[in-house]
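Reading through the structure tokens given below for one structure.
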């Protein structure tokens, strides 16, 4: 162990387990991590001497006259004596009216403050156990009653059917992220992930499926908190391989902690897929058919004892997608000043076939150790046609015109394999955990285009021409994470990771292109070694602080088949993050966040293969590109106004070394009027903006959600040459609105609309567009089956997007028309029964975002919304799941195995998404925070990124 003289006593307690972790780190990282840990150790020492205030409880109005008391106790398994985490504790009057309640912490302990003096009934319940009722519980004025150990008796319950008696909100605002509960939205049935992301606040999806977050397309997309090379070449193409019906939630993380890779300067999008929670077996079949696409999904899961399996298959076909394209451009030769005018027009169509097949397995070795493995294969086969592409090119000085007509066929085929294995060990000490992850991901892609010129004014340009470009993108990742409490209301997290990426691209030309381009190959190897340390502490006056530091070192080697590319230096980057949360006395929340991020160039930007499906607009990658660097600042505020949940945020984003396209007229005799597009690190971006979101539930049947995003974007390329210098600025606005209404007899109605305003680009703009949809669903056979009807853009059969570009050497105006009107019917059917039995669980289960800035998490963690209020009485509690924050929160009583975490650090517990039909009273009264992280076995962080 390296000796660090000033290391704090708290951190020295970690010496034994951390020594093994440091062995995984490369020499460049180990001194940095020790230095960061030393600095944080001093913070730990200073914070240990402070007595942290507890959160003031919200009491019943009558408590102003009499001093309220409180109840404490511990819930255990009556047979084994083990604590039962997250059991529900309800306090009722002798007449049976709920007055208070909450959820136990991970150690089974609870504290219920704010109870008026009197005699009550206490009821304890948990899925898979008999309810425990204690009568005649007397609470004295201002006193504390310790109920001691409350044992529950395990019992298996066979569910004839699974009925969800209450729903999570469609959109949930948390301290560091926005969570969209996609499983509640029926308007995406029969679609893919791009249809889901259009509905998520802060996100914008164009008609080609490209996703941006607050105006930035430099985002990181994860699947269940793991990367996949399915997104390596194109996020839009990868998203089309994910069925909307299998997406449980989408998390938009605007302020990632140090646990996350530095990749993704705009933020992180985590897509959480559905997974089984109860025991037993179940098989579901669903599909859709319509005027534009059809889908078929088959999913099954089985869980018994300590082991669980999940198997899924998805297929989607896209058809009948006609459109049109036209383009007009004027180029100026920079050497001669000669101008050339060109026009193009063609009819377009597309055929697509997607599939994704998954297999999951998990096994609880014992109460403290678990294994999880997954295997997935995704396939894509897309063919795009430009029929009768007519091109006319005129040299203005000479007055001569050349014409041609061709058919263009572009094929894009890919197959992706994702395999992962994770191990998690939870120690006896609460919040102490070690996790290890191994991940393999490979994407094989073939992108070909063929031009068949069958008519031309020059005979020598007729015939076939094209390009074949098979490529592969592979990532191998190893990762270790460790966390432990270091004192009261403090948590230290540390980890290391190594990512090895290999990109291979082979390209061959034929026909007219072979006259000017030589066949070649390209290989790009990148190794990223990383280490991080994060520290969370509760400060006085309801402040919570979480600083973090991450260091990544990337080494790169690249070469052509004919020789080296050039000198690409290795580089290291230090990525700090800071989140400060302040809980106000009225339950509202204020958050301030800062983080630094990077964006590495992906294969489309690096690939030196010339893409010339359209000879007038040719694209060539640049292997010498460097990463972009971004600073993000964010201020957020959330509150409740009567029945409405409101969230506001403001942000500033600055990017240096931005990768920008450079358009240069070729001036070549073989391609008169053609433009070559390549990329350079010459840009600088600044964005200033904000967002507002409101969610409103009116009664039990109607809900409406809506939001607006707006930002002012300033772009420039820092080029001094007058012909190439560029600057542009403008305001961009986007908004969405969603509504649902529950009709009688199992019918439900949902509507959705999205609008994206004009986009600002460095040397031009893109026009606005809008999409909307409607869905009507009917549940059948006691909700085992459903049948529905959906329609999209039924009042506007065509959607036209115009793009404008202007510079001293090039002016361009293009128009793309798509026919988006569609109608579809969809169905689903489920067979099998589930059993609610107590599953052996660890004292603590980690997840990628356990203990994030608000205590929430991804991959499963839940957290309480930023602004909370006591829930109204109901017949049954709303079940929560891996992304829910609906459950009431509760502070555990004293004496846990390790210090409990403060409200803003501890996530709420996960509970199954289904529950027995037996009704239970919903605990009401002042919500109080839970104390431990929820389940989830995937280690922290997110390996991967654009190579």
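The values are calculated or read from the model by the stated rules, or taken from the named source; none is laboratory data. As the structure is a computational prediction, the values presented were derived from the model and not from experiment. Here Cβ is always computed from backbone atoms with ideal geometry, including for glycine, and neighbour counts include all displayed protein chains.
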(message) Checking the condition more than 16 Å from residue 750 (Cβ to Cβ), over 27 Å from the mean Cα position of the chain (by Cα) and either surrounded by 18 or more Cβ atoms within 10 Å (Cβ to Cβ) or at pLDDT below 90 (or both), which residue from 797, 808 passes?
(response) 797
(request) Sort through 196, 221, 179 and tell me the only one that's under 12 Å from the mean Cα position of the chain (by Cα) and closer than 18 Å to residue 694 by Cα. (result) 179
(message) Give me the residue from region 666-697 that is surrounded by fewer than 16 Cβ atoms within 10 Å (Cβ to Cβ) and at pLDDT below 90 and, out of that set, nearest to residue 615 (Cα to Cα).
(response) 670
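Yes or no, residue by residue, for (1) modelled with pLDDT under 80; (2) within 25 Å of residue 767 (Cβ to Cβ); (3) touching a strand residue (DSSP E or B) at 6+ places or on another chain (Cβ under 6 Å):
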position	(1), (2), (3)
196	no, yes, yes
208	yes, yes, no
248	no, no, yes
256	no, no, yes
(request) For region 191-210, enumerate the residues that are touching a helix residue (DSSP H, G or I) at 6+ places or on another chain (Cβ under 8 Å) and over 20 Å from residue 705 (Cβ atoms). (result) 192, 208, 209, 210
(message) Quick test of your reading of the structure: residue 270 fulfils all but one of (1) surrounded by 20 or more Cβ atoms within 10 Å (Cβ to Cβ); (2) within 30 Å of residue 628 (Cβ to Cβ); (3) over 25 Å from the mean Cα position of the chain (by Cα). Name the failing condition by number.
(response) (3)
(request) Of all residues in region 720-756, count the ones that are under 30 Å from residue 665 (Cβ atoms), in contact with a strand residue (DSSP E or B) (Cβ under 9 Å, 6 or more places away or on another chain) and not in a strand (DSSP E or B). (result) 4
(request) Give region 274-286 a look and list any residue that's at pLDDT 85 or above and buried (at least 21 other Cβ atoms within 10 Å of the Cβ), or say none. (result) 286
(request) Tell me which residues, restricted to region 698-716, are buried (at least 18 other Cβ atoms within 10 Å of the Cβ) and under 24 Å from residue 638 (Cβ atoms). (result) 703, 705, 707, 709, 711
(request) Look at residue 220 and say whether it is crowded, with 23+ Cβ neighbours inside 10 Å, at pLDDT 80 or above, in a strand (DSSP E or B) and in contact with a helix residue (DSSP H, G or I) (Cβ under 9 Å, 6 or more places away or on another chain). (result) yes
(request) Go through region 414-443 and give me each residue that's assigned to a strand (DSSP E or B) and touching a helix residue (DSSP H, G or I) at 6+ places or on another chain (Cβ under 9 Å). (result) 414, 416, 417, 418, 434, 441, 442, 443
(message) For region 136-149, which positions are over 20 Å from residue 113 (Cβ atoms) and without any contact (Cβ under 8 Å) to a residue 24 or more places away in the chain?
(response) 136
(message) Restricting to region 111-138, give me the number of residues that are under 20 Å from residue 67 (Cα atoms) and under 37 Å from the mean Cα position of the chain (by Cα).
(response) 3
(request) Tell me which residues, restricted to region 292-344, are closer than 19 Å to residue 383 by Cα and surrounded by 15 or more Cβ atoms within 10 Å (Cβ to Cβ). (result) 292, 293, 294, 295, 315, 316, 317, 318, 321, 323, 324, 325
(message) Of all residues being assigned to a loop (DSSP other than H, G, I, E, B) and in contact with a strand residue (DSSP E or B) (Cβ under 9 Å, 6 or more places away or on another chain) in region 396-413, which is farthest from residue 231 (Cα to Cα)? Just the residue, please.
(response) 397
(message) Anything in region 767-789 that is without any contact (Cβ under 8 Å) to a residue 60 or more places away in the chain and touching a strand residue (DSSP E or B) at 6+ places or on another chain (Cβ under 7 Å)? List them, or say none.
(response) 767, 768, 770, 772, 776, 778, 779, 780, 785, 786, 787, 789
(message) Looking at residue 566 and the list (1) modelled with pLDDT of 90 or more; (2) more than 28 Å from the chain's Cα centre (by Cα); (3) closer than 20 Å to residue 679 by Cβ, which single condition is not satisfied?
(response) (1)
(message) Whether any residue in region 369-389 is loosely packed, with under 15 Cβ neighbours inside 10 Å, touching a residue at least 60 places away in the same chain (Cβ under 8 Å) and closer than 30 Å to residue 812 by Cβ is what I want to check.
(response) no
